[in-house]
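The values are calculated or read from the model by the stated rules, or taken from the named source; none is laboratory data. Everything numeric here is computed off the predicted structure, so don't read it as measured data. Backbone-built Cβ (ideal geometry, glycine too); neighbour counts: all protein chains shown. To get the accessible areas, we keep the full protein, side chains included, count just its heavy atoms, and leave off ligands, DNA and RNA. Shrake-Rupley method; radii C 1.70, N 1.55, O 1.52, S 1.80 Å.
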Amino acid sequence: MRLLVVVLLIALAGCAGHPAAEPEPSIVRVEVPVAVPCRTKEVAVPPWAASGLRKSDSLEVKVRALLAERRQRIGYERELLAANEACR
């Protein structure tokens with residue numbers, strides 16, 4: 001037991017004479033995404049086909065106007081999605 005204590009004291013004495021080595025400075029490159037404001041042209045709202053309908057219009061006129069407006073809305077939504085996708 002005494003021998004073990006003596007060996008440990010000698011080992012500790014040997015370590016005490018050497019100063020701790022300073023770590024060498026190193027350059028670390030960190031890539032961080034930065035938010036950039038999106039700049040796309042504004043999508044214009046079309047004049048809807050059904051906005052000019054009157055109560056007195058015939059059923060056929062109303063249905064045609066609503067079908068035309070449906071196609072307008074599909075095109076308008078595609079333009080909005082394209083503008084949104086351009087910002088990604």
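From its DSSP helices (H runs of at least four residues, each -39,500 (n - 2.57)), the chain gives a residue-normalised ellipticity at 222 nm of -17000 deg cm²/dmol. Projecting the Cα atoms of A44, V34, N84 onto the dipole axis of the chain, where Lys and Arg carry +1 and Asp and Glu carry -1 at the beta carbon, places A44 farthest toward the positive end.
Order of 32-39, 4-11 by packing, highest average Cβ count within 10 Å first?
Working: 32-39: 6.0, 4-11: 9.5.
Ranked by mean Cβ neighbours within 10 Å, highest first: 4-11, 32-39.
Per-atom-type breakdown for the chain gives carbon and sulfur 62% of the accessible area (1.4 Å probe, protein chains only).
Any idea what the dipole of the chain comes to, in debye rounded to 20, about its Cα centre with Lys/Arg Cβ at +1 and Asp/Glu Cβ at -1? Intermediate results must be reported in sequence, preceding the final value.
Numbers: 13 positive and 10 negative charges, 130 e Å.
Charge dipole, the chain, about its Cα centre: 620 debye, nearest 20.
Helix 59-86 versus the longest principal axis of the chain: what is the Cα-based angle in degrees, 0 to 90, to the nearest 10? Once rounded, one gets 20 degrees.
Considering only alpha-carbon pairs that sit under 8 angstrom and 6 or more positions apart, the relative contact order computed for the chain is 32 percent.
Using the heavy atoms of the protein chains alone and a 1.4 angstrom probe, what is the accessible area of the chain per residue in square angstrom?
On the way: 8650 Å² over 88 residues.
Spelled out: the 1.4 Å probe surface of the chain, per residue, equals 98 Å².
For the chain, what is the convex hull volume of the alpha-carbon atoms per residue, in Å³?
Details: hull volume 20.4 nm³, N = 88.
Enclosed volume per residue, from the Cα hull, is 232 Å³.
Average the reciprocal distances over every distinct pair of alpha-carbons in region 42-88, invert the result, and give the Kirkwood radius in Å. Please list the in-between numbers first.
On the way: mean 1/r = 0.0836 Å⁻¹.
Computed over region 42-88, the radius equals 12.0 Å.
Extending 7 Å from the Cα toward the beta-carbon at both A86 and K41 defines two label points whose distance is 0.7 nm.
Helix 2-16: angle to the longest alpha-carbon principal axis of the chain, degrees 0 to 90, nearest 10? Approximately 60 degrees, to the nearest 10.
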